[in-house]
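Data block below; observations after.
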Amino acid sequence: MNYKLLFSHRKLWTLGRRRSTSRLHEGIRVSGQALFSSCSPKVCVVGSGPGGFYTAQHLIKARPDVELDIYERLPVPFGLVRFGVAPDHPEVKNVINTFTQTAKHSRCNFYGNVNVGRDVTINELKEAYHAVVLSYGAEGNRTMGVPGEDLAGVYAAKDFVGWYNGLPNCRELNPDLSCETAVILGQGNVALDVARILLAPISMLKSTDITQPALEALAQSQVRRVLIVGRRGPLQIACTIKEIREMVNLPGTKPEMLPADFEGISEVLKDVPRPRKRLTELMLKTALETPGEKELERRKSASRSWGFRFFRSPVEVLAEPRTNKTSAIRLAVNRLEGSGADAQAVLTGEVEDVTCGLVISSIGYRSLLIDPGLPFDSRKAIIPNSMGRIQHTPGVYCSGWVKTGPTGVIATTMNNSFDTARSMMEDMDSGALDVSAVKSGSQSITALLRGRGVKPVTFADWEKIDSVETKKGEAEGKPREKLLSVEEMLQVAQT
Ligand code: FAD
(Lines give C-alpha, C1' and ligand atoms only; values in the text may rest on other atoms or scores of the structure.)
Protein backbone atom coordinates (compact mmCIF):
# COMPACT_ATOMS: atom_id res chain seq x y z
CA MET A 1 0.00 0.00 0.00
CA ASN A 2 1.18 3.53 -0.49
CA TYR A 3 1.43 4.28 3.18
CA LYS A 4 3.72 7.30 2.76
CA LEU A 5 0.70 9.49 3.31
CA LEU A 6 0.20 7.92 6.67
CA PHE A 7 3.04 9.66 8.32
CA SER A 8 2.63 13.13 6.95
CA HIS A 9 -0.13 13.60 9.50
CA ARG A 10 2.48 13.36 12.23
CA LYS A 11 3.66 16.78 11.14
CA LEU A 12 0.19 18.22 11.55
CA TRP A 13 0.71 18.81 15.17
CA THR A 14 2.41 17.41 18.19
CA LEU A 15 0.57 17.06 21.42
CA GLY A 16 2.86 18.39 24.07
CA ARG A 17 2.35 17.46 27.67
CA ARG A 18 0.57 20.73 28.15
CA ARG A 19 -0.82 21.61 31.49
CA SER A 20 -4.54 21.21 31.59
CA THR A 21 -6.51 24.37 31.06
CA SER A 22 -9.69 22.54 31.89
CA ARG A 23 -9.50 23.41 35.57
CA LEU A 24 -10.06 27.07 34.57
CA HIS A 25 -13.45 26.11 33.25
CA GLU A 26 -14.62 24.66 36.49
CA GLY A 27 -15.58 28.14 37.68
CA ILE A 28 -14.18 31.19 39.42
CA ARG A 29 -14.65 31.27 43.13
CA VAL A 30 -14.85 34.44 45.21
CA SER A 31 -14.97 33.87 48.97
CA GLY A 32 -15.88 30.27 48.35
CA GLN A 33 -18.86 31.13 46.13
CA ALA A 34 -19.03 30.15 42.47
CA LEU A 35 -19.54 33.19 40.22
CA PHE A 36 -20.27 30.92 37.29
CA SER A 37 -19.82 27.27 36.75
CA SER A 38 -19.15 26.20 33.19
CA CYS A 39 -17.92 22.65 33.49
CA SER A 40 -15.54 20.95 31.02
CA PRO A 41 -17.19 18.88 28.34
CA LYS A 42 -16.51 15.25 29.25
CA VAL A 43 -16.17 12.88 26.31
CA CYS A 44 -15.43 9.18 26.24
CA VAL A 45 -14.14 7.12 23.35
CA VAL A 46 -14.78 3.38 23.07
CA GLY A 47 -11.86 1.58 21.41
CA SER A 48 -8.19 2.55 21.19
CA GLY A 49 -7.36 1.82 17.56
CA PRO A 50 -6.65 4.57 15.03
CA GLY A 51 -10.36 5.55 15.00
CA GLY A 52 -10.40 6.20 18.75
CA PHE A 53 -7.00 7.81 18.99
CA TYR A 54 -7.44 10.16 16.02
CA THR A 55 -10.84 11.31 17.32
CA ALA A 56 -9.30 11.92 20.73
CA GLN A 57 -6.30 13.73 19.24
CA HIS A 58 -8.47 16.12 17.24
CA LEU A 59 -10.81 16.91 20.12
CA ILE A 60 -8.02 17.55 22.60
CA LYS A 61 -6.19 19.77 20.18
CA ALA A 62 -9.16 21.79 18.99
CA ARG A 63 -11.00 22.21 22.31
CA PRO A 64 -8.76 23.24 25.23
CA ASP A 65 -11.58 22.47 27.66
CA VAL A 66 -12.47 18.89 26.66
CA GLU A 67 -11.61 16.07 29.07
CA LEU A 68 -11.40 12.71 27.40
CA ASP A 69 -11.36 9.08 28.54
CA ILE A 70 -10.62 6.10 26.29
CA TYR A 71 -12.14 2.71 27.20
CA GLU A 72 -10.54 -0.33 25.57
CA ARG A 73 -11.59 -4.00 25.75
CA LEU A 74 -8.03 -5.36 25.89
CA PRO A 75 -5.38 -4.50 28.47
CA VAL A 76 -3.22 -3.16 25.60
CA PRO A 77 -3.94 -0.22 23.26
CA PHE A 78 -3.70 0.50 19.49
CA GLY A 79 -6.17 -2.02 17.96
CA LEU A 80 -5.18 -3.28 14.51
CA VAL A 81 -1.94 -1.31 14.55
CA ARG A 82 -0.77 -3.94 17.05
CA PHE A 83 -2.95 -6.90 16.00
CA GLY A 84 -3.49 -6.38 12.24
CA VAL A 85 -0.59 -4.57 10.55
CA ALA A 86 1.90 -7.14 9.28
CA PRO A 87 5.01 -7.71 11.41
CA ASP A 88 7.29 -6.96 8.44
CA HIS A 89 5.74 -3.47 8.08
CA PRO A 90 7.22 -1.85 11.19
CA GLU A 91 7.20 1.64 9.66
CA VAL A 92 3.37 1.60 9.65
CA LYS A 93 3.41 1.12 13.42
CA ASN A 94 5.16 4.47 13.94
CA VAL A 95 1.68 5.99 14.40
CA ILE A 96 1.89 4.50 17.90
CA ASN A 97 4.23 7.38 18.85
CA THR A 98 1.53 9.96 18.07
CA PHE A 99 -1.14 7.88 19.85
CA THR A 100 1.13 7.66 22.90
CA GLN A 101 1.44 11.44 23.04
CA THR A 102 -2.35 11.70 22.99
CA ALA A 103 -2.77 9.05 25.70
CA LYS A 104 -0.25 10.88 27.91
CA HIS A 105 -1.89 14.26 27.49
CA SER A 106 -3.00 15.69 30.81
CA ARG A 107 -6.64 15.82 29.63
CA CYS A 108 -6.70 12.23 28.41
CA ASN A 109 -7.00 8.98 30.36
CA PHE A 110 -6.80 5.39 29.13
CA TYR A 111 -8.82 2.58 30.73
CA GLY A 112 -7.88 -0.77 29.23
CA ASN A 113 -9.46 -4.14 30.13
CA VAL A 114 -12.95 -2.62 29.96
CA ASN A 115 -15.33 -4.39 27.61
CA VAL A 116 -18.03 -1.86 26.77
CA GLY A 117 -21.38 -3.58 26.31
CA ARG A 118 -20.42 -6.23 28.88
CA ASP A 119 -18.66 -4.44 31.79
CA VAL A 120 -20.47 -1.14 31.31
CA THR A 121 -23.40 -0.23 29.06
CA ILE A 122 -23.64 2.59 26.55
CA ASN A 123 -26.47 4.09 28.64
CA GLU A 124 -24.20 4.20 31.69
CA LEU A 125 -21.54 5.97 29.61
CA LYS A 126 -24.16 8.40 28.30
CA GLU A 127 -25.16 9.22 31.89
CA ALA A 128 -21.55 9.89 32.91
CA TYR A 129 -20.37 11.84 29.83
CA HIS A 130 -21.67 14.65 27.65
CA ALA A 131 -20.70 12.64 24.56
CA VAL A 132 -19.71 9.07 23.73
CA VAL A 133 -17.72 8.12 20.59
CA LEU A 134 -17.88 4.52 19.42
CA SER A 135 -14.64 3.52 17.67
CA TYR A 136 -14.62 -0.17 18.36
CA GLY A 137 -13.63 -1.30 14.86
CA ALA A 138 -14.75 -4.44 13.04
CA GLU A 139 -13.97 -7.54 15.03
CA GLY A 140 -16.16 -10.04 13.17
CA ASN A 141 -15.58 -11.48 9.73
CA ARG A 142 -17.66 -12.15 6.65
CA THR A 143 -18.24 -15.79 5.98
CA MET A 144 -18.09 -17.46 2.54
CA GLY A 145 -21.42 -19.23 3.00
CA VAL A 146 -20.27 -22.37 1.16
CA PRO A 147 -20.35 -26.02 2.27
CA GLY A 148 -17.15 -27.21 3.92
CA GLU A 149 -16.39 -23.79 5.39
CA ASP A 150 -16.05 -25.32 8.87
CA LEU A 151 -13.63 -28.09 7.89
CA ALA A 152 -10.24 -28.47 9.56
CA GLY A 153 -7.78 -26.51 7.43
CA VAL A 154 -10.13 -23.57 6.72
CA TYR A 155 -9.39 -20.32 8.55
CA ALA A 156 -10.60 -16.74 8.45
CA ALA A 157 -7.77 -14.32 7.55
CA LYS A 158 -8.80 -12.30 10.63
CA ASP A 159 -7.90 -15.24 12.89
CA PHE A 160 -4.76 -16.16 10.96
CA VAL A 161 -3.53 -12.54 11.19
CA GLY A 162 -4.52 -12.45 14.88
CA TRP A 163 -2.51 -15.65 15.44
CA TYR A 164 0.78 -14.38 13.99
CA ASN A 165 0.26 -10.97 15.62
CA GLY A 166 -0.47 -12.25 19.14
CA LEU A 167 -4.20 -11.47 19.52
CA PRO A 168 -5.10 -13.29 22.75
CA ASN A 169 -8.22 -15.08 21.44
CA CYS A 170 -6.31 -16.45 18.41
CA ARG A 171 -3.51 -17.89 20.50
CA GLU A 172 -4.76 -21.46 20.21
CA LEU A 173 -5.38 -21.37 16.45
CA ASN A 174 -2.34 -23.56 15.63
CA PRO A 175 -3.02 -23.55 11.88
CA ASP A 176 -2.16 -26.77 10.10
CA LEU A 177 0.70 -25.86 7.75
CA SER A 178 1.53 -29.43 6.76
CA CYS A 179 0.21 -29.15 3.18
CA GLU A 180 1.95 -27.95 0.04
CA THR A 181 -0.68 -25.63 -1.46
CA ALA A 182 -2.64 -22.91 0.31
CA VAL A 183 -5.54 -21.06 -1.31
CA ILE A 184 -6.39 -17.55 -0.14
CA LEU A 185 -9.85 -16.29 -1.11
CA GLY A 186 -9.85 -12.54 -1.67
CA GLN A 187 -7.26 -10.29 -3.30
CA GLY A 188 -7.06 -7.30 -0.96
CA ASN A 189 -4.03 -6.16 1.01
CA VAL A 190 -4.88 -8.45 3.94
CA ALA A 191 -4.79 -11.44 1.53
CA LEU A 192 -1.38 -10.35 0.31
CA ASP A 193 -0.12 -9.85 3.88
CA VAL A 194 -1.15 -13.44 4.63
CA ALA A 195 0.46 -14.80 1.42
CA ARG A 196 3.71 -12.98 2.19
CA ILE A 197 3.85 -14.23 5.77
CA LEU A 198 3.19 -17.81 4.58
CA LEU A 199 6.02 -17.69 2.03
CA ALA A 200 8.58 -15.28 3.51
CA PRO A 201 11.96 -16.70 4.46
CA ILE A 202 12.20 -17.16 8.23
CA SER A 203 15.37 -15.03 8.20
CA MET A 204 13.16 -12.11 7.10
CA LEU A 205 10.54 -12.64 9.82
CA LYS A 206 12.69 -13.44 12.79
CA SER A 207 13.74 -9.84 13.43
CA THR A 208 10.12 -8.60 13.40
CA ASP A 209 7.55 -8.57 16.24
CA ILE A 210 5.85 -11.74 14.93
CA THR A 211 5.08 -14.02 17.89
CA GLN A 212 7.57 -16.77 18.69
CA PRO A 213 5.00 -19.63 18.36
CA ALA A 214 4.01 -18.34 14.89
CA LEU A 215 7.66 -18.02 13.88
CA GLU A 216 8.34 -21.59 14.99
CA ALA A 217 5.26 -22.94 13.18
CA LEU A 218 6.18 -21.07 9.99
CA ALA A 219 9.74 -22.42 10.20
CA GLN A 220 8.26 -25.95 10.09
CA SER A 221 5.65 -25.07 7.44
CA GLN A 222 5.38 -27.31 4.37
CA VAL A 223 3.45 -24.67 2.40
CA ARG A 224 5.30 -24.10 -0.89
CA ARG A 225 2.61 -22.65 -3.13
CA VAL A 226 0.03 -19.94 -2.45
CA LEU A 227 -2.81 -19.10 -4.85
CA ILE A 228 -4.65 -15.84 -4.28
CA VAL A 229 -8.14 -16.12 -5.75
CA GLY A 230 -10.51 -13.34 -6.83
CA ARG A 231 -14.02 -13.29 -8.29
CA ARG A 232 -13.19 -10.72 -10.93
CA GLY A 233 -10.21 -9.84 -13.17
CA PRO A 234 -6.83 -8.09 -12.96
CA LEU A 235 -8.45 -4.68 -13.54
CA GLN A 236 -10.66 -5.12 -10.45
CA ILE A 237 -8.01 -6.40 -8.01
CA ALA A 238 -8.39 -4.75 -4.58
CA CYS A 239 -4.78 -4.59 -3.36
CA THR A 240 -2.22 -1.82 -3.85
CA ILE A 241 1.00 -1.79 -5.84
CA LYS A 242 3.32 -1.84 -2.83
CA GLU A 243 1.91 -5.20 -1.70
CA ILE A 244 2.18 -6.71 -5.23
CA ARG A 245 5.75 -5.44 -5.55
CA GLU A 246 6.60 -7.08 -2.22
CA MET A 247 5.28 -10.40 -3.58
CA VAL A 248 7.17 -10.02 -6.87
CA ASN A 249 10.42 -9.39 -4.98
CA LEU A 250 9.86 -11.86 -2.14
CA PRO A 251 13.15 -13.80 -1.76
CA GLY A 252 12.98 -17.52 -2.51
CA THR A 253 9.70 -17.29 -4.46
CA LYS A 254 8.62 -17.12 -8.08
CA PRO A 255 5.34 -15.97 -9.61
CA GLU A 256 2.95 -18.51 -11.10
CA MET A 257 0.32 -16.67 -13.17
CA LEU A 258 -2.04 -17.78 -15.93
CA PRO A 259 -1.33 -15.71 -19.07
CA ALA A 260 -4.93 -16.30 -20.24
CA ASP A 261 -6.20 -14.22 -17.30
CA PHE A 262 -4.50 -11.17 -18.82
CA GLU A 263 -5.92 -11.43 -22.35
CA GLY A 264 -7.10 -8.08 -23.68
CA ILE A 265 -5.85 -6.17 -20.63
CA SER A 266 -3.00 -4.23 -22.34
CA GLU A 267 -5.46 -2.96 -24.95
CA VAL A 268 -7.64 -1.17 -22.38
CA LEU A 269 -4.83 0.09 -20.14
CA LYS A 270 -4.65 3.55 -21.70
CA ASP A 271 -8.12 4.39 -20.34
CA VAL A 272 -7.39 3.24 -16.80
CA PRO A 273 -6.61 5.77 -13.99
CA ARG A 274 -2.89 6.09 -13.30
CA PRO A 275 -2.49 4.22 -9.96
CA ARG A 276 -4.44 1.21 -11.32
CA LYS A 277 -2.55 1.43 -14.61
CA ARG A 278 0.82 1.15 -12.83
CA LEU A 279 -0.38 -1.75 -10.71
CA THR A 280 -1.77 -3.59 -13.76
CA GLU A 281 1.46 -3.00 -15.72
CA LEU A 282 3.39 -4.64 -12.89
CA MET A 283 1.09 -7.69 -13.02
CA LEU A 284 1.32 -7.86 -16.83
CA LYS A 285 5.12 -7.68 -16.69
CA THR A 286 5.24 -10.41 -14.04
CA ALA A 287 2.78 -12.68 -15.86
CA LEU A 288 3.73 -12.24 -19.50
CA GLU A 289 7.25 -10.85 -20.01
CA THR A 290 10.28 -13.08 -20.37
CA PRO A 291 12.39 -12.19 -17.36
CA GLY A 292 15.98 -10.89 -17.69
CA GLU A 293 18.93 -13.12 -16.84
CA LYS A 294 19.15 -12.11 -13.18
CA GLU A 295 15.43 -12.57 -12.57
CA LEU A 296 15.50 -15.87 -14.43
CA GLU A 297 18.26 -17.12 -12.12
CA ARG A 298 16.30 -15.93 -9.11
CA ARG A 299 13.16 -17.75 -10.27
CA LYS A 300 15.12 -20.93 -11.07
CA SER A 301 16.47 -21.15 -7.54
CA ALA A 302 13.10 -20.38 -5.91
CA SER A 303 11.59 -23.19 -3.86
CA ARG A 304 8.21 -21.50 -3.32
CA SER A 305 5.66 -19.94 -5.64
CA TRP A 306 2.65 -17.68 -5.55
CA GLY A 307 0.08 -16.57 -8.11
CA PHE A 308 -3.19 -14.80 -8.64
CA ARG A 309 -6.15 -16.80 -9.89
CA PHE A 310 -8.77 -14.51 -11.39
CA PHE A 311 -12.44 -15.04 -12.37
CA ARG A 312 -13.04 -17.70 -9.68
CA SER A 313 -15.53 -17.91 -6.77
CA PRO A 314 -15.60 -20.54 -4.02
CA VAL A 315 -18.34 -23.17 -4.36
CA GLU A 316 -17.33 -25.78 -1.79
CA VAL A 317 -14.38 -26.82 0.35
CA LEU A 318 -13.83 -30.54 -0.21
CA ALA A 319 -12.73 -32.98 2.48
CA GLU A 320 -10.43 -35.95 2.36
CA PRO A 321 -12.96 -38.68 3.41
CA ARG A 322 -10.58 -40.54 5.72
CA THR A 323 -9.39 -37.58 7.82
CA ASN A 324 -12.24 -35.15 7.09
CA LYS A 325 -9.59 -32.46 6.56
CA THR A 326 -9.53 -29.97 3.69
CA SER A 327 -8.20 -31.61 0.53
CA ALA A 328 -9.34 -29.26 -2.24
CA ILE A 329 -11.50 -26.29 -3.05
CA ARG A 330 -14.11 -26.24 -5.81
CA LEU A 331 -14.14 -22.94 -7.66
CA ALA A 332 -16.77 -21.64 -10.07
CA VAL A 333 -15.36 -20.05 -13.21
CA ASN A 334 -16.75 -16.56 -13.83
CA ARG A 335 -16.86 -14.15 -16.72
CA LEU A 336 -17.17 -10.39 -16.44
CA GLU A 337 -20.20 -8.37 -17.41
CA GLY A 338 -19.49 -4.67 -17.83
CA SER A 339 -16.09 -3.05 -17.45
CA GLY A 340 -13.90 -1.14 -15.01
CA ALA A 341 -14.53 -1.00 -11.27
CA ASP A 342 -18.24 -1.79 -11.68
CA ALA A 343 -17.80 -4.98 -13.74
CA GLN A 344 -19.85 -7.87 -12.33
CA ALA A 345 -18.70 -11.48 -12.00
CA VAL A 346 -21.22 -13.82 -13.65
CA LEU A 347 -21.08 -17.63 -13.34
CA THR A 348 -20.25 -19.52 -16.53
CA GLY A 349 -21.48 -22.86 -15.13
CA GLU A 350 -17.97 -24.34 -15.30
CA VAL A 351 -16.19 -25.42 -12.11
CA GLU A 352 -12.66 -26.54 -11.30
CA ASP A 353 -11.13 -28.24 -8.25
CA VAL A 354 -7.81 -27.05 -6.85
CA THR A 355 -5.97 -29.47 -4.56
CA CYS A 356 -4.97 -27.74 -1.32
CA GLY A 357 -4.79 -28.45 2.41
CA LEU A 358 -5.18 -24.90 3.65
CA VAL A 359 -7.89 -22.38 2.77
CA ILE A 360 -7.79 -18.85 4.19
CA SER A 361 -10.81 -16.69 3.53
CA SER A 362 -9.92 -13.03 3.31
CA ILE A 363 -13.21 -11.56 2.18
CA GLY A 364 -13.57 -8.83 4.74
CA TYR A 365 -13.99 -7.85 8.36
CA ARG A 366 -17.37 -6.97 9.87
CA SER A 367 -18.40 -4.73 12.75
CA LEU A 368 -20.50 -6.24 15.52
CA LEU A 369 -23.25 -4.75 17.64
CA ILE A 370 -21.88 -4.40 21.19
CA ASP A 371 -24.99 -3.03 22.89
CA PRO A 372 -28.60 -3.86 21.92
CA GLY A 373 -29.63 -0.27 22.63
CA LEU A 374 -27.67 1.03 19.62
CA PRO A 375 -28.95 1.35 16.07
CA PHE A 376 -27.15 -1.02 13.70
CA ASP A 377 -27.32 -1.63 9.97
CA SER A 378 -26.79 -5.38 9.84
CA ARG A 379 -26.59 -5.49 6.05
CA LYS A 380 -23.70 -3.02 5.84
CA ALA A 381 -22.50 -4.00 9.36
CA ILE A 382 -21.99 -0.41 10.42
CA ILE A 383 -23.61 1.99 12.85
CA PRO A 384 -25.86 4.21 10.71
CA ASN A 385 -24.58 7.76 11.00
CA SER A 386 -24.35 11.09 9.33
CA MET A 387 -20.78 12.49 9.47
CA GLY A 388 -20.24 10.47 12.66
CA ARG A 389 -23.51 11.50 14.36
CA ILE A 390 -25.33 8.28 15.20
CA GLN A 391 -28.92 8.32 13.94
CA HIS A 392 -31.63 8.90 16.57
CA THR A 393 -29.06 8.74 19.40
CA PRO A 394 -28.14 12.27 20.52
CA GLY A 395 -24.80 12.57 22.27
CA VAL A 396 -23.42 9.39 20.67
CA TYR A 397 -20.98 9.49 17.73
CA CYS A 398 -18.87 6.98 15.82
CA SER A 399 -15.55 6.91 13.99
CA GLY A 400 -13.19 4.41 12.35
CA TRP A 401 -14.31 1.14 10.78
CA VAL A 402 -17.55 0.88 12.78
CA LYS A 403 -18.55 4.15 11.07
CA THR A 404 -17.41 3.42 7.50
CA GLY A 405 -17.11 -0.34 7.23
CA PRO A 406 -13.77 -2.14 7.06
CA THR A 407 -12.13 -0.30 4.18
CA GLY A 408 -9.14 1.94 3.75
CA VAL A 409 -5.82 2.44 5.43
CA ILE A 410 -4.90 4.21 8.64
CA ALA A 411 -4.80 7.56 6.82
CA THR A 412 -8.42 7.05 5.69
CA THR A 413 -9.42 6.21 9.25
CA MET A 414 -7.61 9.33 10.45
CA ASN A 415 -9.64 11.55 8.10
CA ASN A 416 -12.99 10.00 9.00
CA SER A 417 -12.16 10.31 12.71
CA PHE A 418 -11.21 13.98 12.37
CA ASP A 419 -14.59 14.47 10.61
CA THR A 420 -16.41 12.92 13.58
CA ALA A 421 -14.53 15.17 16.01
CA ARG A 422 -15.51 18.18 13.88
CA SER A 423 -19.19 17.14 13.90
CA MET A 424 -19.11 16.88 17.68
CA MET A 425 -17.48 20.30 18.07
CA GLU A 426 -20.05 21.87 15.73
CA ASP A 427 -22.79 20.35 17.91
CA MET A 428 -21.14 21.72 21.08
CA ASP A 429 -20.96 25.19 19.50
CA SER A 430 -24.52 25.14 18.14
CA GLY A 431 -26.00 23.79 21.37
CA ALA A 432 -27.21 20.60 19.66
CA LEU A 433 -24.95 18.81 22.12
CA ASP A 434 -25.73 20.07 25.61
CA VAL A 435 -22.55 20.34 27.66
CA SER A 436 -23.95 22.58 30.41
CA ALA A 437 -24.79 19.90 32.98
CA VAL A 438 -22.10 18.72 35.36
CA LYS A 439 -21.10 15.14 34.49
CA SER A 440 -19.23 12.68 36.64
CA GLY A 441 -17.08 11.15 33.86
CA SER A 442 -14.65 8.41 34.83
CA GLN A 443 -15.30 8.95 38.54
CA SER A 444 -18.66 7.19 38.44
CA ILE A 445 -17.65 4.70 35.75
CA THR A 446 -14.54 3.49 37.59
CA ALA A 447 -16.63 3.14 40.78
CA LEU A 448 -19.17 1.12 38.83
CA LEU A 449 -16.44 -1.08 37.33
CA ARG A 450 -14.89 -1.64 40.75
CA GLY A 451 -18.26 -2.83 42.00
CA ARG A 452 -18.37 -5.31 39.11
CA GLY A 453 -14.89 -6.65 39.82
CA VAL A 454 -13.31 -5.06 36.71
CA LYS A 455 -9.82 -3.61 37.18
CA PRO A 456 -9.00 -1.12 34.43
CA VAL A 457 -5.46 -0.96 33.06
CA THR A 458 -4.09 2.59 32.92
CA PHE A 459 -1.67 3.88 30.30
CA ALA A 460 1.14 3.72 32.89
CA ASP A 461 0.20 0.03 33.39
CA TRP A 462 0.41 -0.50 29.60
CA GLU A 463 3.89 1.05 29.70
CA LYS A 464 4.89 -1.71 32.12
CA ILE A 465 3.64 -4.31 29.64
CA ASP A 466 5.42 -2.48 26.84
CA SER A 467 8.67 -2.50 28.75
CA VAL A 468 8.43 -6.24 29.55
CA GLU A 469 7.67 -7.00 25.88
CA THR A 470 10.54 -4.90 24.53
CA LYS A 471 12.98 -6.48 27.01
CA LYS A 472 11.82 -9.99 26.03
CA GLY A 473 12.18 -8.99 22.36
CA GLU A 474 15.71 -7.63 22.83
CA ALA A 475 16.84 -11.04 23.99
CA GLU A 476 15.59 -12.52 20.67
CA GLY A 477 16.78 -9.67 18.43
CA LYS A 478 13.19 -8.53 17.88
CA PRO A 479 11.55 -5.13 18.54
CA ARG A 480 9.24 -6.85 21.04
CA GLU A 481 7.99 -10.27 22.10
CA LYS A 482 4.27 -9.81 22.73
CA LEU A 483 2.57 -11.22 25.80
CA LEU A 484 0.02 -13.65 24.43
CA SER A 485 -2.71 -13.89 27.04
CA VAL A 486 -4.89 -11.36 28.84
CA GLU A 487 -3.91 -13.04 32.15
CA GLU A 488 -0.18 -12.46 31.51
CA MET A 489 -0.86 -8.85 30.49
CA LEU A 490 -2.91 -8.19 33.64
CA GLN A 491 -0.31 -9.82 35.83
CA VAL A 492 2.39 -7.47 34.54
CA ALA A 493 0.06 -4.45 34.60
CA GLN A 494 -1.03 -5.05 38.17
CA THR A 495 2.37 -5.68 39.75
P1 FAD B 1 -9.36 -1.05 15.21
O2 FAD B 1 -7.95 -0.74 14.85
O3 FAD B 1 -9.80 -2.44 15.06
O4 FAD B 1 -9.58 -0.59 16.72
C5 FAD B 1 -10.76 -0.92 17.43
C6 FAD B 1 -10.44 -1.05 18.92
O7 FAD B 1 -11.66 -1.18 19.64
C8 FAD B 1 -9.61 -2.29 19.24
O9 FAD B 1 -8.52 -1.92 20.06
C10 FAD B 1 -10.58 -3.20 19.99
O11 FAD B 1 -9.95 -4.03 20.95
C12 FAD B 1 -11.49 -2.17 20.65
N13 FAD B 1 -12.81 -2.72 21.01
C14 FAD B 1 -13.56 -3.61 20.32
N15 FAD B 1 -14.70 -3.89 20.98
C16 FAD B 1 -14.68 -3.17 22.12
C17 FAD B 1 -15.56 -3.05 23.22
N18 FAD B 1 -16.72 -3.75 23.28
N19 FAD B 1 -15.21 -2.25 24.25
C20 FAD B 1 -14.04 -1.55 24.21
N21 FAD B 1 -13.16 -1.62 23.18
C22 FAD B 1 -13.48 -2.42 22.15
N23 FAD B 1 -3.61 0.20 7.35
C24 FAD B 1 -2.45 0.78 6.97
O25 FAD B 1 -2.43 1.99 6.80
N26 FAD B 1 -1.31 0.04 6.79
C27 FAD B 1 -1.28 -1.30 6.98
O28 FAD B 1 -0.25 -1.96 6.80
C29 FAD B 1 -2.48 -1.93 7.36
N30 FAD B 1 -2.51 -3.26 7.56
C31 FAD B 1 -3.67 -3.85 7.94
C32 FAD B 1 -3.67 -5.22 8.13
C33 FAD B 1 -4.83 -5.87 8.50
C34 FAD B 1 -4.83 -7.36 8.69
C35 FAD B 1 -6.02 -5.12 8.68
C36 FAD B 1 -7.30 -5.81 9.06
C37 FAD B 1 -6.03 -3.75 8.50
C38 FAD B 1 -4.85 -3.10 8.13
N39 FAD B 1 -4.81 -1.71 7.93
C40 FAD B 1 -3.64 -1.13 7.54
C41 FAD B 1 -6.03 -0.88 8.16
C42 FAD B 1 -6.06 -0.28 9.59
O43 FAD B 1 -5.66 -1.25 10.50
C44 FAD B 1 -7.46 0.28 9.88
O45 FAD B 1 -7.69 1.35 9.00
C46 FAD B 1 -7.63 0.81 11.31
O47 FAD B 1 -7.04 -0.04 12.27
C48 FAD B 1 -9.12 0.97 11.68
O49 FAD B 1 -9.17 1.57 12.95
P50 FAD B 1 -10.36 1.39 13.99
O51 FAD B 1 -9.99 2.19 15.18
O52 FAD B 1 -11.65 1.64 13.34
O53 FAD B 1 -10.37 -0.18 14.35
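A simple rule links phi to the HN-Hα coupling: the Karplus curve 6.51 cos²θ - 1.76 cosθ + 1.60 with θ = phi - 60°, which for segment 485-495 gives 10, 4, 4, 4, 4, 5, 4, 5, 4, 9, 8 Hz, with x for Gly and Pro. Net length available on complete extension from Glu180 to Asp353 is 60.7 nm, with 0.36 nm assigned per residue and the Cα-Cα distance removed. Between Asn249 and Ser386, full extension at 0.36 nm per residue minus the direct alpha carbon distance yields a gain of 45.0 nm. Among the listed pairs Lys61/Lys482; Lys158/Lys294; Lys206/Lys464; Lys285/Lys325, those whose Cα-Cα separation exceeds 29 Å are Lys61/Lys482; Lys158/Lys294; Lys285/Lys325. Here's how it looks for Val154: its modeled amide H is under 5 Å from those of Val359, which are all 5 or more places away or on a different chain. Using the Karplus relation 6.51 cos²θ - 1.76 cosθ + 1.60 with θ = phi - 60°, the per-residue 3J(HN,Hα) values for segment 63-74 come to 10, x, 9, 6, 10, 10, 10, 10, 9, 10, 4, 8 Hz, with x marking Gly and Pro.
Ordering Val457, Val85 by accessible surface, largest first, gives Val85, Val457; the 1.4 Å probe counts only protein heavy atoms, with every chain in place. When chymotrypsin sites (Phe, Trp or Tyr not before Pro) are flagged only if DSSP places them in a loop and at most 13 other Cβ atoms lie within 10 Å, the longest unflagged stretch of the chain comes out as 37-495.
For the pair Ala437 and Ala260 in one chain, pulling the backbone fully straight at 0.36 nm per residue adds 57.0 nm over the alpha carbon distance. Only protein heavy atoms count here; on that basis, with a 1.4 Å probe, Ser339 has an accessible area of about 100 Å². Using a probe of 1.4 angstrom and keeping all protein chains present, the accessible surface of the chain works out to 45 square angstrom per residue.
In the complete set of protein chains, residue-level accessible area for Lys270 is approximately 150 Å², probe 1.4 angstrom. Run the numbers on segment 73-170 and let me know its relative contact order in percent, using alpha-carbon pairs under 8 Å that are six or more apart. The value is 36 percent. What does a probe at Gln220 reach in segment 163-199, counting residues whose amide N is under 20 Å from the point 7 Å along Cα→Cβ? Taking a point 7 Å out along Cα→Cβ of Gln220, the residues of segment 163-199 whose backbone N falls under 20 Å are 163-167, 170-182, 197-199. In segment 220-367, the portion of solvent-accessible area held by carbon and sulfur atoms comes to 50 percent [1.4 Å probe, whole percent, DNA, RNA and ligands not counted].
The values are calculated or read from the model by the stated rules, or taken from the named source; none is laboratory data. In this text, all values refer to a predicted model and were calculated from it rather than measured experimentally. Reconstructed Cβ throughout: ideal geometry from the backbone, glycine too, with neighbour counts over all protein chains shown. Side chains included, ligands, DNA and RNA excluded: accessible areas come from the protein's heavy atoms. Shrake-Rupley method; radii C 1.70, N 1.55, O 1.52, S 1.80 Å.
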